[in-house]
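First comes the structure, then the notes that go with it.
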Amino acid sequence: MGKLFGTDGIRGQANRYPMTVEIAQALGLAITYILSQNTDNSKKIVVIGKDTRQSGDMLEAALSSGLCAGGYDVIQVGIVPTPAVAYLTKFFDADAGFVISASHNPAQDNGIKVFGADGYKMPDQLEADIESCLLSKSYENYTPDECGLIFDESEARHVYIDNVIESIPQQKMKNLSVVVDCANGAAATVVGDIFDAFDMSLEIIHDDTDGDKPINENCGAMDTRSLQSTVIENKADLGIAFDGDADRLVLCDHKGEPLNGDHILAICGQYLIQTNRLPQNTLVATQYSNMGLDDSIQKCGGKVIRVLNGDRYVIEKMRAEGLMLGGEASGHMIFHEQTTTGDGLIAALQILNIMQETRQPLAQLKQCISFYPQVTKNVTVKEKKDLQSLPEVMNQINEVNKKLGTDGRTLIRYSGTENKVRIMIEGKDKEKITEYAERIAKEIQIQIGI
């Protein structure tokens, strides 16, 4: 068996390792064993939510059986966004929360991610302990005296809905017309109740929840073409697209032009700084955010801290530094006063509130950020040698970094899933950075390319 946990839980094709019934059940047992070792005053309660994938029922049943066999009661909250599970884990005073979802992946995939009792994603070390227990089958000697029970609490989504509604000042938005794309995913169970509370003009598309229309297929945050055309056709003020589990979003303005996570961070960051509501005038982004974000925030006296890719690392830095706003270019947005993880619904309301407060359309708000040109290249390699051990490659990289100075940057790393080096160069001059990328790619090809 190979490694199970990736950067966002366990993920893969349903009914194929590791997303099998056997692994899901064993995971339930392994987690109860580890929790019994690490949790004081345990309530022996866990929460499970899922998205709309047809394999969700199968994996939920298997995971629940393993958890119950380990002596834990299981509260099943049905089809809800990932951030709803994080919130409900705290609401029910549970020891852990589980989301059965593969987020933006195709419908044939599925996954399991785990939240701790505090509503934050489980730390890397605890995930490693769980994985070690599962793979070594240490849980096989764990036999609690009592089995757990399963409780259907699908109506608990309304607790989350109320929390999202309360995340911004209560006001009517009758002057706003919005199109929302639910990606045929988890957002469809909550969007209507949330947006209707603000009395705006609303059209919802791709809101199937029974799995007949595949999640994320030609819709949602991964494919905004139908959202853009619907916004233009309806003459709406903006469009909002969620991914399958609604922990992230992308937008389009009234002209159908798309906005990514960097746009959203810039708009929200500038607004919060200007209204004296951003702690330390600082937000957190990842190494994949465009340098234009730094310029945008610096213009109004703020600062951007960068971390490794992954919303778990964004929130870790926010917690460590006492910060309120963070996110990724992909659309994961964390408003730490309201949530413990990426929440597309809360982020959407924040944008709508800014539009309402400033009386500015999204097309005008997005002008607060100008993006640097980027060039990316991939080089297929025969082995993943440490680039630091290749002096000729490092000489090229260092030379490029010297020429870029403060007007650009390089990001060069191995793919996590393929034998490829990914080269990204950002700078003000597209022609020059293209030349730099080709130079580095050529040297990598000479040294370790196929």
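The values are calculated or read from the model by the stated rules, or taken from the named source; none is laboratory data. Predicted model only: the values in this text are computed from it and were never measured. When we count neighbours, we look across all protein chains shown, and the Cβ atoms used for this are built from the backbone with ideal geometry, even at glycine.
Considering segment 381-418, and only residues there that are small (Gly, Ala, Ser) and part of a helix (DSSP H, G or I), the residue that is nearest to ILE450 (Cα to Cα) turns out to be SER389.
Take LEU249 and decide whether it is assigned by TED's automatic domain parsing to the domain that holds ALA186, surrounded by 20 or more Cβ atoms within 10 Å (Cβ to Cβ) and in a loop (DSSP other than H, G, I, E, B). No: the conditions fail for LEU249. For the condition touching a residue at least 24 places away in the same chain (Cβ under 8 Å), touching a Phe, Trp or Tyr at 6+ places or on another chain (Cβ under 6 Å), over 29 Å from ALA183 (Cβ atoms) and not in a helix (DSSP H, G or I), GLY97 does not qualify.
The set of residues in segment 351-377 that are over 17 Å from GLY331 (Cβ atoms), outside any helix (DSSP H, G or I) and either in contact (Cβ under 8 Å) with a residue 60 or more places away in the chain or not assigned by TED's automatic domain parsing to the domain that holds THR275 (or both) comprises PRO361, SER370, TYR372, PRO373, GLN374, VAL375, THR376, LYS377. With respect to the conditions (1) under 20 Å from MET122 (Cα atoms); (2) under 14 Å from the mean Cα position of the chain (by Cα); (3) not aromatic (Phe, Trp, Tyr), LYS317 lacks only one, and its number is (2).
Filtering segment 367-401 down to residues that are touching a Lys or Arg at 6+ places or on another chain (Cβ under 8 Å), under 15 Å from GLU426 (Cα atoms) and among the hydroxyl-bearing types (Ser, Thr, Tyr), which residue is surrounded by the fewest Cβ atoms within 10 Å (Cβ to Cβ)? Among those residues, the one meeting the criterion is THR376. Are any of the residues in segment 33-42 modelled with pLDDT of 95 or more, assigned by TED's automatic domain parsing to the domain that holds LYS137 and either surrounded by fewer than 23 Cβ atoms within 10 Å (Cβ to Cβ) or hydrophobic (A, V, I, L, M, F, W, C) (or both)? No, segment 33-42 contains no residue that is modelled with pLDDT of 95 or more, assigned by TED's automatic domain parsing to the domain that holds LYS137 and either surrounded by fewer than 23 Cβ atoms within 10 Å (Cβ to Cβ) or hydrophobic (A, V, I, L, M, F, W, C) (or both). Would you mind stating whether GLN350 is touching a Phe, Trp or Tyr at 6+ places or on another chain (Cβ under 7 Å) and either surrounded by 20 or more Cβ atoms within 10 Å (Cβ to Cβ) or at pLDDT 95 or above (or both)? So GLN350 fits the description; yes. Is at least one residue of segment 259-272 touching a residue at least 24 places away in the same chain (Cβ under 8 Å), outside the structural domain of SER101 (by TED's automatic domain parsing), closer than 30 Å to GLY301 by Cβ and outside any helix (DSSP H, G or I)? The answer is yes, given that some residue of segment 259-272 is touching a residue at least 24 places away in the same chain (Cβ under 8 Å), outside the structural domain of SER101 (by TED's automatic domain parsing), closer than 30 Å to GLY301 by Cβ and outside any helix (DSSP H, G or I). Among the conditions (1) over 15 Å from SER64 (Cβ atoms); (2) touching a residue at least 60 places away in the same chain (Cβ under 8 Å), GLY116 misses just one, which is (2). Among the strands (runs of 3 or more DSSP E) confined to segment 125-216, the ones with at least 2 residues that are farther than 21 Å from ALA102 by Cβ and not assigned by TED's automatic domain parsing to the domain that holds LEU88 are located at 177-181, 201-205. When the strands (runs of 3 or more DSSP E) confined to segment 286-345 are screened for residues that are free of Cβ contacts under 8 Å to residues at least 24 places away in the same chain, those reaching at least 3 such residues are found at 303-307. Within segment 419-431, can you find the residues that are touching a residue at least 24 places away in the same chain (Cβ under 8 Å), of a type outside the set (S, T, N, Q) and not in a strand (DSSP E or B)? Once the filter is applied, which keeps residues that are touching a residue at least 24 places away in the same chain (Cβ under 8 Å), of a type outside the set (S, T, N, Q) and not in a strand (DSSP E or B), segment 419-431 yields LYS428, ASP429, LYS430. Scanning segment 402-441 for residues that are over 23 Å from ASP295 (Cα atoms), of a type in the set (Lys, Arg) and either in contact with a helix residue (DSSP H, G or I) (Cβ under 8 Å, 6 or more places away or on another chain) or surrounded by 14 or more Cβ atoms within 10 Å (Cβ to Cβ) (or both) turns up LYS420, ARG422, ARG439. Scanning segment 237-246 for residues that are assigned to a loop (DSSP other than H, G, I, E, B) and surrounded by 24 or more Cβ atoms within 10 Å (Cβ to Cβ) yields ASP243, GLY244, ASP245, ALA246.
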